[in-house]
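Presented below is the structure to which this report refers.
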Amino acid sequence: MTTEELVRYDREHLLHGLAPVGANLGFVIESADGVWLTDTDGKKYMDLSAQAININLGHGRKDIIEVAKQQMDRLMFTLTLRGFTNLQSLLLGQKLATILPPGLDHYLFGHTGAETCDSAFRIANLYWKARGTRKYKIISLNMSYHGTSRGVATATNLGKGMTEEMPAAPGHIHIPNYYCYRCPFGLEYPSCGIACAKFLEYVIENEGKDSVAAFIAEPEQGASGFIAPPPEYFPIVEQICRKHNVLLIIDEVMTGFCRTGKMFAFEHWNIVPDMVCMSKGLVAGYLPFGALAVSGEIFNTLTGTYFPIGSTQSGNPLCCAVGVKCIDIYLQERTAEHVTRLGAVARQRMETEFMALPHVGAVDGLGLMLTVEVVADKQSKQKPNARISDRLQLLGVEHGAVLRVSGNRLGYSPPLTITESENERGLDILYKVLRSLKPEDLMP
């Protein structure tokens, strides 16, 4: 089939999540290597989004592929339901214990980030039930993203009205997020006193602390455009959760495994959650997989209790083997240090070259999870029209790159294995895309 025929078949037969039905970008990826994608016409693109921020270790790594092949030959599947187990799931648990804080060494394995978040909510409810109380409310942030499956879609607040289903899952509450450039409280950092964090306590007290089971947050909001918190935010939140006996769930699905310059983003602020949701970087996009780490307190409280959570592929030995290999690579190649170094270079260029452009209003993010916010007017911070997202993505394709675009925020999240020269080339492309914007692209 020609590319034109493939594109037409795609439009007529395949459903693409988070896109209009019947729409695509007009090209078909056929192969990939490192940070490069190749389409069916042979055109190459830099993958500056790491796809869904999950190709942390680059495309086509033979060492990861070989581990998967060897595991397929040895044992491709066994259950972990009903008390069955397999060697690779145990090895992955032991490996995770070496990179997570002490005490976060109990695990539930699944398929996706959404599933791990959904499992965290259900475990929170089970935990409080076992403690003799019926806490059930889950607090999350405006502009948050925790997946689109039914169990988590109500916790997700990004694209409200589009990702929600009716009737919505009950018990979900949203509060203002950390977004210093567009503060929901109309304040300025640092004189704001971190009102966004302290507002959590107000909500817990007014909802009734005996009804709030957990608070969940991304340590850097991902799908809303790489919004990083002020450094005081999570320490304050942790203190509030401890004071009111509310479980703290950190969603590291996108930020985990060195993306922000730490193995886990919550390490930036020396906090210890009750549960950690993991997925994307755990297997670096080579297989669908997720993991939830829970505290010893939760595990010990639930010991002996029937556990109604899990599915057929939970603890798949093939995925677990790849997870072990990926963690080994992160540690052996000192990926976090590499990200810190290249991220600092990228941030410096954005804060000087990019911010000098008349339509770049802010730079945000951590490590290699960075963004610039495109505005129609710097002084008023007015946003461009809704078409800016598609325009930025198409300009990226024209300049030979697949970009991470969230509304009017243009992200930079390449595979973490990107080299210094590739990093400069990727930033050059982003700069060219921004310079290519015309007045009509920026009209409100």
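The values are calculated or read from the model by the stated rules, or taken from the named source; none is laboratory data. Treat the numbers as computed from the prediction; the structure is a model and nothing was measured. Cβ placement follows ideal geometry from the backbone for every residue including glycine, while neighbour counts extend to all protein chains displayed.
Restricted to the stretch 281-317, and to residues that are within 23 Å of the chain's Cα centre (by Cα) and assigned to a helix (DSSP H, G or I), which residue is nearest to Ser49 (Cα to Cα)? Before you say what the answer is, go through the steps one by one.
At the first step, the residues of the stretch 281-317 found to be within 23 Å of the chain's Cα centre (by Cα) are 281-295, 309-311, 313-316.
This time we only want the ones that are assigned to a helix (DSSP H, G or I), so: 281-283.
Values: Gly281: 13, Leu282: 17, Val283: 17 Å.
Result: Gly281.
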Strands (runs of 3 or more DSSP E) within the stretch 331-444 that include 1 or more residues closer than 30 Å to Ala23 by Cβ and among the acidic types (Asp, Glu): 360-366, 369-374
The stretch 6-19, residues that are surrounded by fewer than 13 Cβ atoms within 10 Å (Cβ to Cβ) and within 24 Å of His399 (Cα to Cα): Leu18, Ala19
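Pick out the one residue from Phe307, Phe257, Phe234 that is at pLDDT below 95, of a type in the set (Phe, Trp, Tyr) and not assigned by TED's automatic domain parsing to the domain that holds Leu416. Explain how you work it out, then say what you get.
Working: Phe257 fails: at pLDDT below 95; Phe234 fails: at pLDDT below 95.
Of Phe307, Phe257, Phe234, the one residue that is at pLDDT below 95, of a type in the set (Phe, Trp, Tyr) and not assigned by TED's automatic domain parsing to the domain that holds Leu416 is Phe307.
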Inter-residue pairs, beta-carbon under 6 Å, first surrounded by 15 or more Cβ atoms within 10 Å (Cβ to Cβ) and in the stretch 74-96, second of a type in the set (A, V, I, L, M), 6+ apart: Gln88/Ala321; Leu91/Val324; Leu92/Val324; Lys95/Val324; Lys95/Ile327
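Determine which member of the set Ala228, Ala223, Ala213, Ala197 is in contact with an Asp or Glu (Cβ under 6 Å, 6 or more places away or on another chain) and not β-branched (Val, Ile, Thr). Let's see the steps before the verdict.
Details: Ala223 fails: in contact with an Asp or Glu (Cβ under 6 Å, 6 or more places away or on another chain); Ala213 fails: in contact with an Asp or Glu (Cβ under 6 Å, 6 or more places away or on another chain); Ala197 fails: in contact with an Asp or Glu (Cβ under 6 Å, 6 or more places away or on another chain).
Exactly one residue qualifies, and that residue is Ala228.
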The stretch 167-197, subset closer than 17 Å to Glu218 by Cβ and free of Cβ contacts under 8 Å to residues at least 40 places away in the same chain, residue surrounded by the most Cβ atoms within 10 Å (Cβ to Cβ): Cys196
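Okay, residues lined up against (1) at pLDDT 95 or above; (2) surrounded by 21 or more Cβ atoms within 10 Å (Cβ to Cβ); (3) not assigned by TED's automatic domain parsing to the domain that holds Gly426:
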residue	(1), (2), (3)
Leu318	yes, yes, yes
Asp328	yes, no, yes
Val339	yes, yes, no
Ala344	yes, no, no
Met350	yes, yes, no
Glu353	yes, no, no
Ala356	yes, no, no
Gly361	yes, yes, no
Tally, over the stretch 205-244, of residues that are in contact with a Phe, Trp or Tyr (Cβ under 9 Å, 6 or more places away or on another chain) and either closer than 20 Å to Ile271 by Cα or among the small types (Gly, Ala, Ser) (or both): 25
